[in-house]
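Novice: Take a look at the following structure, please.
What follows draws every value from the coordinates through simple rules; no lab data is involved. Everything numeric in this text was worked out from a predicted model, so none of it was measured. Cβ sites come from the backbone with ideal geometry, for glycine too, and all protein chains shown count toward neighbours.
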Amino acid sequence: MNPNLKQAYKAAADFFRAGDNFLLLVHEKPDGDAFGSILGTAHLLQQLGKTFTLVNDDPVPNKFQFFPLADRFRLPEDVEGTFDWVIAQDCGDRKRLGRSGEKLIADDAKILNIDHHKTNDFFGTENLVDLDAAATCQIIYKVAKELEMTLSLDTATCLYTGLVTDTGGFRYSNTTEEVMLIGADLLRHGVQPYNIIDKVMETLTWPQVQLIREALSGIERDETGRIAWIKVSRDVLERVQAEDEDVEGLINYPRNVQGVEVGVSFRDAAPGKVKVSFRSKYLVDVGAIAVEFGGGGHARAAGCTVEGTIEEIEPRVIDRIKQALQEVDVAEPTA
Ligand code: 5GP
Ligand code: MN
């Protein structure tokens, strides 16, 4: 590990030791890694005898309610005052902390930014940004080691969840030897992998199944077959009564089509706003493209929210991806 990163791990451990009355934040619409890391951290802080407040702009989705301490989440509107010690996790920039970040962080707060996104802009007063980590949960595991703490079953359960979801069930290209070793160590602490994977990855809600049916009926490819995309309109979301969590995983269908390098999904988010998700397989840095559209993420998985309608945004995004494919063809010509 490079010395700066090693130092950042030590500084993060010192931050856990030094502070108290922490505000714990992750990005809005949290996924398995966001919940796993924030709640894993909460359990570690509890073990250290510290107090903390868990806040998110969105209520905890059903499938994550089994997490120990998930019932402690509050909405920013229900929390008074501001906090001096803040740990923000799995967030590339401060904007991603949403209303919670705007309302609850004191002006001169100490902010520890723990993340693994390539597009992280180092918004913290301390920054532990480990780009080699497959999941923020992997970083928290290493912070716990730095603190020489024994992991409880609850902590291990949370951390395993982020590890398994951000690697797509140990399948994506971010699945390294270290990921598997940490996964194995978490099992040694009593984690029941099937119980977690069944709840957070395998189970489909009925609205989710209907969404898959609708989205696949409109799936498209470009003329080369290297880009595929799906669209989910407000109409459809309302008709099937989908929650945000029901949309997760849809993006894998265009991504997994044989010959596709970039899969995209377009979804009506708020009125006049479209959420775009990108996944690439080997070549295209979709994180860089997402940044151009005001978002961010990793090289192989990224997203953004763009103002406009799906019809307006779709050609702009697809054209930009075509250009990126041409650039990689020039850089890495195939025989
Ligand atoms: P998803 O497409 O599943 O929402 O997100 C894929 C990845 O991109 C995740 O790691 C997520 O944190 C990141 N991401 C998604 N939307 C945004 C965004 O608007 N801004 C930033 N900075 N990252 C995003
Ligand atoms: Mn993550």
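Novice: Restricting to DSSP loop positions (anything but H, G, I, E, B) with no more than 16 other Cβ atoms inside 10 Å of their own Cβ, which GluC sites (Glu not before Pro) remain in region 1-109? Kindly include the intermediate steps, with their values, before the conclusion.
Specialist: Values: sites: 28, 77, 80, 102; in loops: 28, 80.
Qualifying residues, ordered by number: 80.
Novice: Hey, another quick one. Taking the dipole about the Cα centre of the chain, with the C-beta of Lys and Arg at +1 and of Asp and Glu at -1, give me whichever of 162, 182, 313 is farthest to the positive side.
Specialist: Projecting each Cα onto the dipole axis, the largest value belongs to 182.
Novice: Taking the Cα centre of the chain as the origin, how large is its charge dipole in debye, to the nearest 20, when only Lys and Arg (+1) and Asp and Glu (-1) carry charge on their Cβ atoms? Spell out each step's value before the answer.
Specialist: Numbers: 36 positive and 54 negative charges, 97 e Å.
Here the size comes out at about 460 debye.
Novice: By how many nm would the segment from residue 78 to residue 220 grow when fully extended, if each residue of separation counts as 0.36 nm and the alpha-carbon distance is taken off? Provide the component values of the computation, followed by the final result.
Specialist: Values: separation 142, 0.36 × 142 = 51.12 nm, distance 4.34 nm.
Computed gain between residue 78 and residue 220 is 46.8 nm.
Novice: Another question, if that's okay. Choose one of 92, 48, 278: the residue whose Cα lies farthest towards the positive end of the charge dipole of the chain (beta-carbon charges +1 Lys, Arg; -1 Asp, Glu; about the Cα centre).
Specialist: Ranked along the dipole, the leading option is 48.
Novice: Okay, moving on. In a Gaussian network model over the chain where Cα atoms closer than 10 Å are linked, find which of 51, 224, 82 has the largest mean-square fluctuation.
Specialist: Taking springs between Cα atoms under 10 Å, the residue moving most is 224.
Novice: Excluding residue 185 itself, what net charge comes from residues whose Cβ is under 13 Å from its Cβ, given Lys and Arg +1 and Asp and Glu -1? Let's see the in-between values first.
Specialist: Working: positive: 142, 145, 188; negative: 177, 178.
In short, +1.
Novice: Also, I was wondering about something else. Report the charge-dipole magnitude of region 180-335 in Debye, nearest 20, computed about the Cα centre from +1 at each Lys and Arg Cβ and -1 at each Asp and Glu Cβ. Let's see the in-between values first.
Specialist: Working: 18 positive and 26 negative charges, 56 e Å.
That gives a dipole near 260 debye.
Novice: Below 8 Å, C-alpha to C-alpha, sequence gap of six or more: please give me the relative contact order for the chain in percent. Don't skip to the answer; put the middle values down first.
Specialist: On the way: 633 pairs, mean separation 42.0, N = 335.
Relative CO of the chain lands at 13 percent.
Novice: For region 142-179, state which GluC sites (Glu not before Pro) are in a DSSP loop and have at most 11 other beta carbons lying within 10 Å of their beta carbon. Intermediate results must be reported in sequence, preceding the final value.
Specialist: Working: sites: 146, 148, 177, 178; in loops: 148.
Hits after loop and neighbour filter: 148.
Novice: List the pairs from 110/142; 10/273; 118/273; 63/142; 6/110 whose alpha-carbon separation is above 29 Å, in the order I gave them. Please report the intermediate quantities before stating the final value.
Specialist: On the way: 110/142 21 Å; 10/273 40 Å; 118/273 24 Å; 63/142 26 Å; 6/110 20 Å.
Listed pairs above 29 Å: 10/273.
Novice: Calculate one ³J(HN,Hα) per residue across region 81-90 by plugging θ = phi - 60° into the Karplus curve 6.51 cos²θ - 1.76 cosθ + 1.60, and present them in order as whole Hz with x for glycine and proline.
Specialist: So the J values, rounded to whole Hz, are x, 10, 10, 8, 10, 10, 10, 10, 10, 6.
Novice: Let me ask another. Along region 45-52, what does the Karplus equation 6.51 cos²θ - 1.76 cosθ + 1.60 (θ = phi - 60°) give for ³J(HN,Hα), rounded to whole Hz, x for Gly and Pro?
Specialist: Karplus values, whole Hz, x for Gly and Pro: 5, 4, 4, 7, x, 9, 9, 7.
Novice: Considering amide H positions built from the backbone, and no H for Pro or chain starts, which residues 5 or more places from residue 74, or on another chain, come under 5 Å of its amide H?
Specialist: HN-HN under 5 Å from residue 74: 54, 55, 56.
Novice: How much FRET efficiency would the formula 1/(1 + (r/R0)^6) give for residue 206 and residue 170, where r is the Cβ-Cβ distance and R0 is 41 Å, rounded to 0.05?
Specialist: Numbers: r = 28 Å, r/R0 = 0.67.
With a Förster radius of 41 Å, E is 0.90.
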